[in-house]
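Read-outs throughout are calculated quantities, based only on the coordinates presented, and are distinct from any laboratory measurement. Keep in mind that what you see is a predicted model, and the values were worked out from it rather than measured. FYI the Cβ positions are ideal-geometry reconstructions off the backbone, even for glycines, and counts take in every protein chain you see.
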Amino acid sequence: MKKLIVSAIILVSGLFIQPAAAQQHNFYSFTYSMGFSTGDFSDFIGQASFRGATFDYRRMVTDQIGVGVEFGWSAWYEEMDYGTYESETSTSSITGKQFRYCSTVPMLASANYFILPGEKFNPYAGLGLGTIFNSSELDMGVWAFTSDTWHFALKPEIGAVIELSPGVGAIISGKYYAAFETSESKSRNYITANVGIAWGF
């Protein structure tokens, strides 16, 4: 999973690194992401994720509008007490001590609107559309149940860029990922709080 996201980041960076040198309206950011599951996802894993990262590329088509792509990765884990649990994919129940794992990989096209271009503090709002790859695993004794699914996803976002020096700044954001239910998996909705560095704006 980590190799997948690293490869995607390298690919996108390679595609856009040359235009960034010649044009001043390419905007990159790399953030550390903390994740908090909601809805059906929190029923599977209620613990927060503190292992996550996101790479964003935006092409500033005007001073206030940027369009681009986002790639991310978050790892989730929870140890469950001994008990009887309902299966996510059937009406059966299973009993034992469980260890639950999940990796989520959003791959989205995105658009952002920046409210105060040229200011030291520039808040923005955005929307993403694409897919989230979800890899889940449930371990119980000698048994392991795995599931790999692709979810259609929407992502509203709010944040701000704080200029530290010309073309370089800090970025903070909050994102809500709505990964819709499929025939093989319940929804995997979650919120992330993100902080990192932005450059090229």
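How many residues, within region 39-83, are of a type in the set (V, I, T) and surrounded by 19 or more Cβ atoms within 10 Å (Cβ to Cβ)?
3
Is it the case, given these coordinates, that K175 is assigned to a strand (DSSP E or B), basic (K, R) and more than 20 Å from the chain's Cα centre (by Cα)?
no
Give me the strands (runs of 3 or more DSSP E) completely within region 60-170, filtered to those with at least 1 residues that are touching a Leu at 6+ places or on another chain (Cβ under 6 Å) and aromatic (F, W, Y), ordered by residue number. Can you show your working first?
Values: elements: 65-86, 93-114, 121-140, 143-165.
Fully inside region 60-170 and qualifying: 143-165.
Could you give every pair whose Cβ atoms fall below 7 Å, whose first residue belongs to region 173-201 and is within 24 Å of E137 (Cα to Cα) and without any contact (Cβ under 8 Å) to a residue 40 or more places away in the chain, and whose second residue is buried (at least 16 other Cβ atoms within 10 Å of the Cβ) and among the hydroxyl-bearing types (S, T, Y), counting only separations of at least 6 or pairs across chains?
F180/S187; T182/T149
Give I132, I115 a once-over and let me know the one that is surrounded by fewer than 16 Cβ atoms within 10 Å (Cβ to Cβ), in contact (Cβ under 8 Å) with a residue 40 or more places away in the chain, touching a Phe, Trp or Tyr at 6+ places or on another chain (Cβ under 9 Å) and not aromatic (F, W, Y).
I115
Which of the following residues is in contact with an Asp or Glu (Cβ under 6 Å, 6 or more places away or on another chain), surrounded by 14 or more Cβ atoms within 10 Å (Cβ to Cβ) and among the charged types (D, E, K, R): K155, K120, K175?
Working: K155 fails: in contact with an Asp or Glu (Cβ under 6 Å, 6 or more places away or on another chain); K120 fails: surrounded by 14 or more Cβ atoms within 10 Å (Cβ to Cβ).
Residue meeting the stated conditions: K175.
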